[in-house]
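Okay, structure first, notes after.
The values are calculated or read from the model by the stated rules, or taken from the named source; none is laboratory data. Predicted model, so just to flag it, every value in this text is computed and none were measured. Because the Cβ atoms are built from the backbone with ideal geometry, glycine has one as well, and the counts that use them run over all protein chains shown. Protein only, heavy atoms only, side chains kept; ligands, DNA and RNA dropped before computing areas. Shrake-Rupley method; radii C 1.70, N 1.55, O 1.52, S 1.80 Å.
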Amino acid sequence: ALLEPRPVSQPWLVEAVGNAEWTGTPLAPLLREAGVAEDAVDVVFTGADHGIERGVEQDFQRALPVADALREEVLLAYEMNGAPLLPQHGAPLRLIVPGWYGMAHVKWLRSISVVTEAFQGYQNAQAYRLRQDPDDPGVAVTRIEPRALVRPPGFPDFMSRTRVVRPGPCTVDGRAWSGHAPVVSVEVSTDDGASWAPATLDESTDGDFAWRRWHYEWSPQPGRYVLSARATDASGRTQPVEQPWNRGGFANNMVQRVEVAVVPE
């Protein structure tokens, strides 16, 4: 929803993200036990959900290249945060592909098949592609681009949604993550991107695929500000200030803008 012109798609903003601990069985040993032929290309995952998208009746299906399906961290999950998986999260079984966007994490998993040609199902070959025009074959949406989000400080003005903060010491904090490599730095801007200063990354205890907490100590004077944060990962990827456009609106990781009014009591 933040891209201009806005793509025809769901109006995602910045809220559709979470961080969970998944429990399940690794996929790779099951594939090895079943036997993956040398000419295998893709592993196809079929969910129980069935419907019509853009005129195509289909089961929801996504595929992983064999090499990715055999990564040790890929799971068939049946618990989330230490409790049995809930229906809205894909019970009784769902795929978890750490580092990839959510559409790859097939819910309500019904079957797994190995195919010897690149899978051409709708969600693989048509829906989730980064393309500029209808005739562009595009590039598959796979790994999560680096992203940092600011937890809006203070409290909101009802009509404008501008955050109201009192003058003086204020801790600005948030979360950062990337599917390509661990986050190694977060920078914060309080002047709408004119300048940037390093934030402090909290120690990570949840592994390479979890988000990292960060914080920045700020002491503003009365006035109006725009807060932003940008993450950089160990592969050298950094968030853009302006987002490259694509028809699907996918992988939008441009820096967030949080308007703040610093007002004395």
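Points worth noting:
- Residues (among the polar types (S, T, N, Q), at pLDDT below 95 and closer than 24 Å to Val36 by Cβ) located in the range 124-146: Asn124
- Where a residue in the range 52-64 is within 13 Å of Ala125 (Cα to Cα) and touching a residue at least 24 places away in the same chain (Cβ under 8 Å) and its partner, wherever it lies, is of a type in the set (A, V, I, L, M, F, W, C) and part of a loop (DSSP other than H, G, I, E, B), with Cβ under 6 Å and at least six apart: Arg62/Val106; Ala63/Phe119
- Of all the listed residues (Val260, Val241), the sole one being out of contact with any His (no Cβ under 6 Å at 6 or more places or on another chain) and over 21 Å from Gly179 (Cβ atoms) is Val260.
Table: residues versus (1) touching a Gly at 6+ places or on another chain (Cβ under 6 Å); (2) within 19 Å of Val14 (Cα to Cα); (3) of a type outside the set (A, V, I, L, M, F, W, C).
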position: Leu95; (1), (2), (3): no, no, no
position: Lys107; (1), (2), (3): yes, no, yes
position: Ala127; (1), (2), (3): no, no, no
position: Asp133; (1), (2), (3): no, no, yes
position: Val141; (1), (2), (3): no, yes, no
position: Leu149; (1), (2), (3): yes, yes, no
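- Search result, residues across the range 155-186 that are surrounded by fewer than 18 Cβ atoms within 10 Å (Cβ to Cβ), within 23 Å of Ser219 (Cβ to Cβ) and of a type in the set (Lys, Arg): Arg166
- Strands (runs of 3 or more DSSP E) wholly inside the range 88-154 containing at least 2 residues that are among the small types (Gly, Ala, Ser), open to solvent by 40 Å² or more (accessible area, probe 1.4 Å) and touching a residue at least 40 places away in the same chain (Cβ under 8 Å): 109-115
- Among the residues making up the range 1-43, those that are among the β-branched types (Val, Ile, Thr) and either open to solvent by 70 Å² or more (accessible area, probe 1.4 Å) or in contact with a Ser or Thr (Cβ under 6 Å, 6 or more places away or on another chain) (or both) are Val8, Val41.
Per-residue answers, yes or no, for (1) in contact with a Lys or Arg (Cβ under 8 Å, 6 or more places away or on another chain); (2) within 25 Å of Thr142 (Cα to Cα):
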{"site": "Asp173", "(1), (2)": "yes, no"}
{"site": "Ser185", "(1), (2)": "no, yes"}
{"site": "Val188", "(1), (2)": "no, no"}
{"site": "Ala194", "(1), (2)": "no, no"}
{"site": "Ala210", "(1), (2)": "no, yes"}
{"site": "Trp214", "(1), (2)": "yes, no"}
{"site": "Asp233", "(1), (2)": "no, yes"}
{"site": "Arg237", "(1), (2)": "no, yes"}
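- Residue in the range 238-252 that is of a type in the set (Asp, Glu) and assigned to a strand (DSSP E or B) present: no
- Inspection of the range 229-242 identifies at least one residue that is more than 19 Å from Gly99 (Cβ to Cβ), surrounded by fewer than 16 Cβ atoms within 10 Å (Cβ to Cβ) and within 17 Å of the chain's Cα centre (by Cα).
- Per the conditions (1) modelled with pLDDT of 95 or more; (2) open to solvent by 40 Å² or more (accessible area, probe 1.4 Å); (3) assigned to a loop (DSSP other than H, G, I, E, B), the sole criterion not satisfied by Pro220 is (2).
- Of the criteria (1) open to solvent by 30 Å² or more (accessible area, probe 1.4 Å); (2) touching a Phe, Trp or Tyr at 6+ places or on another chain (Cβ under 6 Å); (3) within 18 Å of Ala118 (Cα to Cα), which one Val56 fails: (3)
- Every residue from the range 243-265 that is under 17 Å from Val226 (Cα atoms) and open to solvent by 30 Å² or more (accessible area, probe 1.4 Å): Met254, Arg257, Glu259, Val263
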